[in-house]
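Structure record follows, encoded as structure tokens.
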Amino acid sequence: MICSKKQKITMNIIIYVSLITISIFCLLPFLWMLITALKPDIEIRTATPSFFINNITFDNFKKVLFDTGFLGFMKNSLVVSLIVTIISLAISILAGYALSRYKNLKGIKVTNMGMLISQMIPGVLLLVPLYIIMQKAELLNTYYSLILAYTTFVIPLSTFMLKGFFDTIPFSLEEAAEMDGCGKLKTIFSIILPLSIPSLISTGLFAFLNAWNEFMFGYIFISDDSFRTVTPAIMLFQGAHTTDWGGLMATSVLAVLPVTIIFLFLQKYFIAGLTDGGVKG
Amino acid sequence: MIKKKFIVLMSVAIAACLTFSACSTGKNSSKSKENDTSKVTLDYWVCWSPGSDTEKNSKAMFAKYESEHPNVKIKYSLITYDMAHDKLVTAASAKNTPDMSWALPEWIGEFNNMGMLSDLTDYYNKSELKSAIYPNVMDTMTVKDKVIGLPYQLTIRALLVHKSLTDAAGINNIPATFEDMLKLGDIYKKTEKYPFGFCATSVRTPQELIGYLASNGLEIATEMKDGKYKNTWKDDPAQLAKAAEVFQYYKDLTKKGIVSPNTKAWGWEDEDTNFATGQYMMEVTGNWMSERETTNPKEMSDVAITAPPYKEIPATYMETNPTFIYTSTEHPKEAFDFAAFISGKEYQQAVFPVTSPRTDVVSDVKWSKDFMNIAKTGISFPPVTLGGITTAMTDSLGKTLQNNEEPSTVAAWLSDEINESLKQSGEYSEK
Amino acid sequence: MLLKGKTNKNNSIKHMKLTRTQREKVTALLLVLPALVFLIGLIAYPLIQVLFDGFQFKNLVNVNVSGFAGLDNFKEVILNEHFFKALKNTIIWTVFSVLGEYILGMFTAILLNQKVKGIGIFRVLVIIPWLVPIIVAGMTWSWMLNPDYGIVNFLMIKTGIIETAIYWLGEQNTALFTIVIVNIWRSFPFFTISILAALQAIPFDISEAASIDGAGIISRFFKITLPQLKSVSIALITIHVIWTAINFDFIWIMTQGGPYYSTETLPLMIYRYAMKEYNIGAASALASMIMMVMTVIFVFYYAQKSKMESND
């Protein structure tokens, strides 16, 4: 931008102030969660809320980590989310490639439409029918029910994200490989994928996040502690006549932590992945 | 190139490993029942708070039971009451319920109608429980002479009073009736604290409302000659007028500033927490409030316990929690024996010493003694499917307090809704 | 049936070898097959069940309720005393959420696109609302907005913005507005990231050329930047309109549709019909109606998109 030095300083101030305000807006609940989790019960249920803690306590965290099945819930969430990410990526890569390269085939256009339509379905609608399907297949209370459900929900958008990226890869690269005698799958693996790393990471992150944060189906399909995932488990702290806010907040902080850390490390890829043709629809 | 292939292969390998581990864990737990033919595993859904004393004591008792009955394994799953209800309903339609579970009395009529509950009458008649449980408690889980649950907990609602606050406000006699309560209109101006509070949303609202209606001589659904139920208010103008009086009471409490204006949207959490933090003086609630003595020791140090305010006859809501044994169970005898153990003296004294439905488990603490004194005026919900009815009851308060509708209109509306709901569940009496 | 052209070269090639287009079709089908299996099995099939159930009397609890219902379920839904309120709420909720998310998202994306020091940190901070699970966000905000012990009222009174605590989630006239704000908080990062990505793809020289021509910041934005973002914007807005309208768990966790149905939206009605009244017929009918509207919106979007693409 071409402007005077004074204008530049003013601009910078405006930018920083705005960013800080927005960041506070974004962080406030998370900060409050953290502060509540570190307060002893007496300070939580008080008529005058405060950002300051008189007696910091790690009791809530200790209780959640050691006295409840929390670590088990984390393991379950991790297993389910990772598997969903890997499977949905594999499926979406193939489907995204097809939607990108074979746009003109009638079957592909129909699939495209179908995927878009599937985004319009209220999840609450599928609750009972999916429950009955899982029950008949004897998959309730197993990882499978969640993996199947989450993968299904995530496939359409993952496919579109990857398709958008594949669209930006010139077909000439593949033509060269095809003339060399490469089969389609080999072409995808050796040419397309290496170029798509940023997009793969962002799509993978998206799938992981969706699976990790999902609540409704995790709550309906799993009643067994040994398979319960973290987000439905948070509801356990809301008892019949009391809510253990300290425990609830501690669990919440711990539930958000892994995803935040993963995100911190991969945020560069995430944005790059979306830049290269991600969300053009 | 080779590095990238390696990464891909590793990912696939990791996925495979995870899938297999998930596979084996999943298959193992579902096969364990069939492989171990000598051992009986009881699937038991419970609703305690994680890390609570109830959890610790219950787990200790489960271990004791298992050591005394080596062929039985107790497999408990933790779930909230709300979730449990929804899941039990969906599980029933897919024929996939656990062996037994904790339950709320509101579910008694509904689950019975769905045919989910085992008939425990014979077992019960032959057991020691017959002489140990309060008779009116057993009545709440007996439908047409069929015993369909064994009680594990009993809570009565009472009026809790912050004595230091009421003394400071000059309230010398704790209000006993609606009229007494309605005289406290100028307390807030004097002390900046509201004398009373109730809740108008969440599950506790119908429980409070039914108590007040009963105290004015009203039932929300009366059993008719054909064994089915009907709300009779619109058939009898006197009853309709009495129902309107109860809604008027709620309205007056708000208009006269006896309760906070926020009360119209309070749930049980707000009601209890605001009382525990000393924001208002008197609350109708249960003896779980004893827990609040640890979270708010200063404010809760002055609590006195007495009967809830009534209109014509003293009445209070009595909440009896039944252990349900589901018809899908493959081990009815073992399930019943375990349920009887849960209602037995040893377990009750260890886990529910203050809230026990047994006549021989009463403690000297005010949270037990003073509450039990009110038990004889206890009433509960009729044994019908309640989902639509409790929603309508909560909505009726919404209409009264949020929409400012006339109490007589609301009473008539509620009567219609209750009957409509009974028709939907096939329990409406045509008589 | 159709075979891949992997035949022995000596065999009768003219029998086994497929034309290039046929091979293409097979490959395309195989690539898309895994995805289709999931979608058809776990979405299409239950969906058809739901569409069918809309025309039946079906009750989860009472097995005696059965039979063909014709349009009765649809009539019941429309005549429901809260239907129009729920419809109005759904529209308000959707329109204001998406509008707020778009504006805030755009504003933040522009900020994050600036080359100032430490911008990376801000990029991560802004994502946090999106990372927080719905249930955690819902419960924490409810806790924070409480009039008696919530931090938001406390801070607002301290800073003099309001005089007495307001029961944001408990008053009929503030509840909907409040959950819209919390929804914006939760969802705007998605807009920010997508728009930021698109902004970074805009060639620098275009805006530089414009500023040499004397265009000010604001007109530069509206005349150059915004048009470049057109396709991203339309895609984002359309998909968020749909996602916001069908959202259930967020509102349910915060208010359960209260106080007195002032935050009730159509998906909440579906849940109520299905899980509280066990009226599967009505729930399915309502769901079918919502899906029809979605389809219309979608067809409209697709038509616009095709028009745009043919204009480019």
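Below 8 Å, C-alpha to C-alpha, sequence gap of six or more: please give me the relative contact order for chain A in percent.
30 percent
How much net charge surrounds C:LEU111 when only other residues with a Cβ under 14 Å from its Cβ are counted (Lys, Arg +1; Asp, Glu -1)?
+3
In nm, give the distance between the simple-model label positions of C:ILE237 and B:THR306, each being 7 Å from the Cα along the Cα-to-Cβ direction.
6.4 nm
Roughly how many Å is it from the Cα centre of region B:260-275 to that of region C:102-143, as a whole number?
Here the answer is 33 Å between Cα centres.
I'd like the Karplus ³J(HN,Hα) series for region A:39-44: coefficients 6.51, -1.76, 1.60, θ = phi - 60°, whole numbers in Hz, and an x wherever there's a Gly or Pro.
With coefficients 6.51, -1.76 and 1.60, one gets 8, x, 3, 4, 7, 6 Hz.
Below 8 Å between Cα atoms, with a sequence gap of 6+, how large is the relative contact order for chain C in percent?
Across chain C, relative contact order equals 27 percent.
For B:ILE210, A:ILE14, what ranking results if the residue with the fewest other Cβ atoms within 10 Å of its Cβ goes first?
Lowest count first: A:ILE14, B:ILE210.
What is the set of long-range amide H partners of B:GLY197 at a cut-off below 5 Å, with H atoms built 1.01 Å from backbone N?
Hits under the 5 Å cutoff: B:MET282, B:VAL284.
Assuming R0 = 45 Å, can you tell me the calculated FRET efficiency for the pair B:GLU346 and A:LEU71, based on Cβ-Cβ distance, to the nearest 0.05?
E between B:GLU346 and A:LEU71, to the nearest 0.05, is 0.90.
Just check the protein assembly as shown against the gyration tensor rule for me: Cα atoms, a ≥ b ≥ c as the square roots of the eigenvalues, rounded for a/c under 1.5, and otherwise prolate or oblate depending on whether a/b exceeds b/c.
Prolate shape, in that a/c is at least 1.5 and a/b is the bigger ratio.
Provide A:PHE66, C:PHE107 in ascending order of the number of other Cβ atoms located within 10 Å of each residue's Cβ, fewest first.
Lowest to highest Cβ neighbour count: A:PHE66, C:PHE107.
Dipole magnitude of chain C about its Cα centre, charges +1 at Lys/Arg Cβ and -1 at Asp/Glu Cβ only, in debye to the nearest 20?
With Lys and Arg at +1 and Asp and Glu at -1, about 1680 debye.
For B:LYS423 and B:ASN125, what is the calculated FRET efficiency with R₀ set at 41 Å and r taken between the beta-carbons, to the nearest 0.05?
FRET efficiency, B:LYS423 to B:ASN125: 0.75.
Give the separation of the Cα centroids, region B:201-220 to region B:82-147, in Å.
22 Å
Measuring from centroid to centroid over Cα atoms, what is the spacing of region A:64-84 and region A:1-55 in Å?
30 Å
Could you run the Karplus curve 6.51 cos²θ - 1.76 cosθ + 1.60 with θ = phi - 60° over region A:160-175 and give me ³J(HN,Hα) per residue in whole Hz, x for Gly and Pro?
Running phi through 6.51 cos²θ - 1.76 cosθ + 1.60 with θ = phi - 60° gives 5, 4, 5, 4, x, 6, 4, 3, 8, 8, x, 5, 4, 4, 6, 4 Hz.
Which residue, chosen from A:PHE153, A:LEU266, A:ILE234, occupies the Cα position most advanced towards the positive end of the dipole of region A:59-275, where the dipole is computed from +1 (Lys, Arg) and -1 (Asp, Glu) charges on Cβ about the Cα centre?
Farthest towards the positive end: A:PHE153.
I want to check the label-to-label distance for A:ILE56 and B:GLU330. Put each point 7 Å from Cα in the C-beta direction and report it in nm to one decimal.
5.3 nm
Under the classification rounded if a/c is under 1.5, otherwise prolate if a/b is larger than b/c and oblate if not, where does region C:113-187 fall, given a ≥ b ≥ c as square roots of the Cα gyration tensor eigenvalues?
prolate
Using a simple charge model, +1 on the beta-carbon of Lys and Arg, -1 on the beta-carbon of Asp and Glu, nothing else, what dipole does chain B show about its Cα centre, in debye to the nearest 20?
1240 debye
Let's test the formula: R0 of 30 Å, r as the Cβ-Cβ distance of C:ILE297 and C:LEU51. What FRET efficiency results, to the nearest 0.05?
Efficiency at R0 = 30 Å is approximately 0.95.
Which of the three applies to region C:13-53, rounded, prolate or oblate, going by the alpha-carbon gyration tensor with a ≥ b ≥ c and a/c under 1.5 meaning rounded?
Verdict is prolate for region C:13-53.
Counting only C-alpha contacts under 8 Å and six or more residues apart, can you give the relative contact order of region B:295-431 as a whole percent?
Contact order relative to length: 21 percent.
Sorting B:HIS162, C:HIS82 on the 10 Å Cβ count, fewest up front, what's the list?
Fewest to most other Cβ atoms nearby, the residues stand as C:HIS82, B:HIS162.
Would you work out which of B:THR201, B:MET372, B:ALA243 lies farthest towards the positive end of the dipole of chain B, given +1 charges on the beta-carbon of Lys and Arg and -1 on that of Asp and Glu, about the Cα centre?
Working it through, the farthest residue towards the positive pole turns out to be B:THR201.
Could you work out the helix-only [θ] at 222 nm for chain B, with each DSSP H run of four or more residues adding -39,500 (n - 2.57) and the total divided by the number of residues, to the nearest 500 deg cm²/dmol?
-14000 deg cm²/dmol
So between B:SER408 and B:LYS234, what do we pick up on full extension, going 0.36 nm a residue minus the alpha carbon distance?
Additional length available on full extension: 61.6 nm.
Can you tell me the 0 to 90 degree angle between the C-alpha axis of helix B:332-342 and the longest principal axis of chain B, rounded to 10?
Around 50 degrees separate the two axes.
Using a simple charge model, +1 on the beta-carbon of Lys and Arg, -1 on the beta-carbon of Asp and Glu, nothing else, what dipole does the protein assembly as shown show about its Cα centre, in debye to the nearest 20?
For this selection, approximately 4680 debye.
Taking θ = phi - 60°, what integer Hz values does the Karplus form 6.51 cos²θ - 1.76 cosθ + 1.60 yield along region B:77-82, in sequence order, with x for Gly and Pro?
Values, residue by residue: 10, 8, 7, 7, 4, 4 Hz.
Treating the angle as unsigned and between 0 and 90°, give the value, to the nearest 10°, between the Cα long axis of helix A:106-118 and the longest Cα principal axis of chain A.
Helix A:106-118 and the main axis of chain A meet at about 10 degrees.
Between C:GLY258, C:VAL232, C:MET275, whose Cα lies farthest towards the positive end of the dipole of region C:217-278 when Lys and Arg beta carbons carry +1 and Asp and Glu beta carbons carry -1, centred on the Cα centre?
Final value for the positive-end residue is C:VAL232.
Bear in mind these aren't lab numbers, they're just calculated from the coordinates by the rules spelled out. Just so you know, these numbers come straight off a predicted model, no measurement behind them. As a convention, Cβ positions derive from the backbone with ideal geometry for all residues, glycine included, and neighbour counts pool all protein chains shown.
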